[in-house]
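Have a look at the structure below, then the notes.
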Amino acid sequence: MAVVAVPPPAPGPASRFWAQVRRDRAGVGGLVLFALVVAGAVAGPAVVPYDPRQPNLLAAFQPPSAAHLLGTDQLGRDLFSRVVAGARASLLGGLGALGVSLALGVPAGLVAGYAGGAWDDLLMGLVEVLMSFPGVLLALLAVAVLGAGQRNVVLAVGLASAPVFARLVRGSALALREQEFVVAARALGATPARVVVRHVLPGCVPPIVVTAVLRLGITIVTVAGLGFLGLGGDPATPEWGAMLSAGAEFLRAAPHIALAPGGAILLTVLSVNLFGDAVADALNPRVRARRG
Amino acid sequence: MIVVILRRAIRTVPVLLGASVLVFASIRLIPGDPALIFAGDHATPELVAQTRRELGLDRPLWAQYAIFLRRAVMGDLGTSTRTGRPVAGELMHRYRMTLLLAGAAIAFSVTVGVPLGIVAAVRRGRGPDKASVAVALLGVSLPTFLLGVLLQLVLAVRLGWFPVAGAQSWQHLVLPAISLGAFPVAHITRLLRTSLLETLGEDYTRTARAKGLPESAVVLRHALKPALIPAVTIVGLQFGAMLGASVFAEAVFTWPGIGRYLVQAIAFRDYPVVQGAVLLLAATYVTANLAVDLVYAWLDPRTR
């Protein structure tokens, strides 16, 4: 029987991307750590040993032990359960805020960059005004208007990040508008909406992805920060920022109450940043050339 | 040069106006009667009526904005619904405390970040360089409020080197300034390392080396100065960003700054204070960014 050597299929862009990310050891470490946080967020409330919301004053302020891995807080709630359950609020908060800023920023940038003219002036004027506020301040103003509460905090942080994406996408769209394939699509009679969605938007995806992964650390921190300031609403809901703030009251007697959520915040943000750097490097052609 | 300054300065006017429109409009978006919002939930009917007259609430929106803007420019930011005192007076002292904190934080980040950046570039690829990467990564991954709590735990509660909270002496300034300044340290270090590596490869650096100058003089006298120009930009921009991030340091250390006051005002729905504080901080931020551009233009002969 003759053996025909079949060449392996050429790696697609996606597998090349993963091969690149895999080569970055710190990035892989970040990804593994991040996967743990995601697992906690998904399975959290179902697998934790205690009800994270149920106070038990007889068990308050206990240091870490076999029964309570991370100890108990000032109301006797199990800190391990609260930290694991809190992954959901922090992760969903950060991702939700990122989603809000993409949903607002990307269309605005596409319209400004592709349509140009008055639309561009109007939208970029708005972006410049929004950028005349430090990001945190803008989020605080939005919370002041919307009212406190976790959902409003997420909206506010998303709103504060949106100008970044609007400006980024506008730049890409502006460059793509004059490319031959876009001009050709226009010449063939495609509607502007079709040209933007089918031809301009795909070209904007790599920079959007890079900025989004680098931005996730910031949105998670800002959402947790507003929770720390007491703007996240219901204090019974496990949320790392609010838990850290509550624990900071008892640093002398029971530092573990602050350290447990603090460690969770640090590890999550560190993992997101490590992984984000790896993704950004893998999508950046200059870095790729240097390594390849 | 003067033309450059004027042109840049004039460009900030529409941005400032836009910011004031945004603040004015946001507060008007809060559901409810604006007269009640600005007079406070427990105001007497007379006070509500007086507020309505003062803010011109019976007149069209653009006229209300004109009244708001004229009063803001004159330094009249209304009356706090919580304390009944003028907002401008309440803000001034706290504003100075925030500027003091941000200034100290910048001083800290420059004192630590510049040497770290130099060492990382000169010892490129070796221990100190790798350590600086780790420090930078930790710096961007430790949010101000978390670092603040950790510093409080170790240096104040455990070791007792610094007071836990408050603002009675210069020692009270140290921990909040470090927690606020750590994030820029990371930026300054990385940026200075990159730009110093660039200038170390330039012709004029090679010339300096060729004429037999010791390496320290080559780095400090010839390569460092041009490499500092981009760092100046970062320092200025970070100072602006601190006006926002300072909220967290102020909350951890109960520093009596404008950020902590703003968060309290949000909790108490004291909207005149919210409006005034946001406006003041945004104006400072825009001015700081303007100053950065001007300093940059002055430092970099190519833009002169």
Picking from B:VAL110, B:VAL133, B:VAL119, B:VAL149, which residue would you name as being assigned to a helix (DSSP H, G or I), open to solvent by less than 60 Å² (accessible area, probe 1.4 Å), closer than 23 Å to B:PRO230 by Cβ and in the same structural domain as B:GLY240 (by TED's automatic domain parsing)? B:VAL110
Which listed residue is free of Cβ contacts under 8 Å to residues at least 12 places away in the same chain, open to solvent by 20 Å² or more (accessible area, probe 1.4 Å) and under 14 Å from B:THR79 (Cβ atoms), from B:ARG53, B:ARG7, B:ARG59, B:ARG11: B:ARG53
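Consider A:GLY99 carefully, then state whether it is of a type outside the set (Val, Ile, Thr), within 8 Å of another protein chain (Cβ to nearest Cβ), touching a residue at least 24 places away in the same chain (Cβ under 8 Å) and open to solvent by 30 Å² or more (accessible area, probe 1.4 Å).
no
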Take the conditions more than 9 Å from every other protein chain (Cβ to nearest Cβ), β-branched (Val, Ile, Thr), in contact with an Asp or Glu (Cβ under 9 Å, 6 or more places away or on another chain) and within 24 Å of B:PRO86 (Cα to Cα) and apply them to B:VAL263. Does it pass? no
Yes/no for A:LEU266 being assigned to a helix (DSSP H, G or I) and surrounded by fewer than 24 Cβ atoms within 10 Å (Cβ to Cβ): yes
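Which of the helices (runs of 4 or more DSSP H) found entirely inside the stretch B:1-64 contain at least 3 residues meeting this: among the basic types (Lys, Arg)?
Correct list: B:2-29.
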When A:LEU95 is evaluated against the numbered criteria (1) under 24 Å from A:PHE34 (Cα atoms); (2) part of a loop (DSSP other than H, G, I, E, B), which criterion, by number, is the only one it fails? (2)
On the given criteria, is B:ARG70 assigned to a helix (DSSP H, G or I), free of Cβ contacts under 8 Å to residues at least 24 places away in the same chain and either charged (D, E, K, R) or open to solvent by less than 40 Å² (accessible area, probe 1.4 Å) (or both)? yes
Out of curiosity, is B:VAL157 of a type outside the set (Lys, Arg), assigned to a helix (DSSP H, G or I) and surrounded by 12 or more Cβ atoms within 10 Å (Cβ to Cβ)? yes
Can you tell me which condition A:GLY241 does not meet? The list is (1) within 12 Å of another protein chain (Cβ to nearest Cβ); (2) open to solvent by 10 Å² or more (accessible area, probe 1.4 Å); (3) in a helix (DSSP H, G or I), and all the others hold. (2)
In the set B:ALA231, B:ALA282, B:ALA227, B:ALA208, which member is facing chain A (nearest Cβ under 9 Å), part of a helix (DSSP H, G or I) and open to solvent by less than 10 Å² (accessible area, probe 1.4 Å)? B:ALA282
Of everything in the stretch A:136-150 that's open to solvent by 40 Å² or more (accessible area, probe 1.4 Å) and touching a Gly at 6+ places or on another chain (Cβ under 8 Å), which residue is nearest to the other protein chains (Cβ to nearest Cβ)? A:ALA148
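A quick yes/no check of all residues on (1) at pLDDT 90 or above; (2) under 19 Å from B:MET92 (Cβ atoms); (3) part of a helix (DSSP H, G or I); (4) within 11 Å of chain A (Cβ to nearest Cβ):
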{"position": "B:GLY236", "(1), (2), (3), (4)": "no, no, yes, no"}
{"position": "B:GLU250", "(1), (2), (3), (4)": "yes, yes, yes, yes"}
{"position": "B:GLY276", "(1), (2), (3), (4)": "yes, yes, yes, no"}
{"position": "B:ALA288", "(1), (2), (3), (4)": "no, yes, yes, yes"}
Since B:LEU22 meets every condition but one in (1) at pLDDT 90 or above; (2) of a type outside the set (Lys, Arg); (3) in contact with a strand residue (DSSP E or B) (Cβ under 7 Å, 6 or more places away or on another chain), which condition does it not meet? (3)
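Table: residues versus (1) under 16 Å from A:GLY232 (Cβ atoms); (2) out of contact with any strand residue (DSSP E or B) (no Cβ under 8 Å at 6 or more places or on another chain); (3) at pLDDT 90 or above.
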{"position": "A:ASP120", "(1), (2), (3)": "no, yes, yes"}
{"position": "A:MET131", "(1), (2), (3)": "no, yes, no"}
{"position": "A:LEU138", "(1), (2), (3)": "no, yes, yes"}
{"position": "A:ASN152", "(1), (2), (3)": "yes, yes, yes"}
{"position": "A:ALA156", "(1), (2), (3)": "yes, yes, yes"}
{"position": "A:ARG167", "(1), (2), (3)": "no, yes, yes"}
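For the stretch A:213-238: of the residues being small (Gly, Ala, Ser) and facing another protein chain (nearest Cβ under 10 Å), which is farthest from B:PRO163 (Cα to Cα)?
Per the stated criteria, the residue is A:GLY217.
The values are calculated or read from the model by the stated rules, or taken from the named source; none is laboratory data. All values derive from a computational prediction rather than experimental measurement. Here the Cβ is made from the backbone with ideal geometry for all residues, glycine too, and neighbour counts use every protein chain on show. Surface accessibility is based on the protein's heavy atoms, side chains included, excluding ligands, DNA and RNA. Shrake-Rupley method; radii C 1.70, N 1.55, O 1.52, S 1.80 Å.
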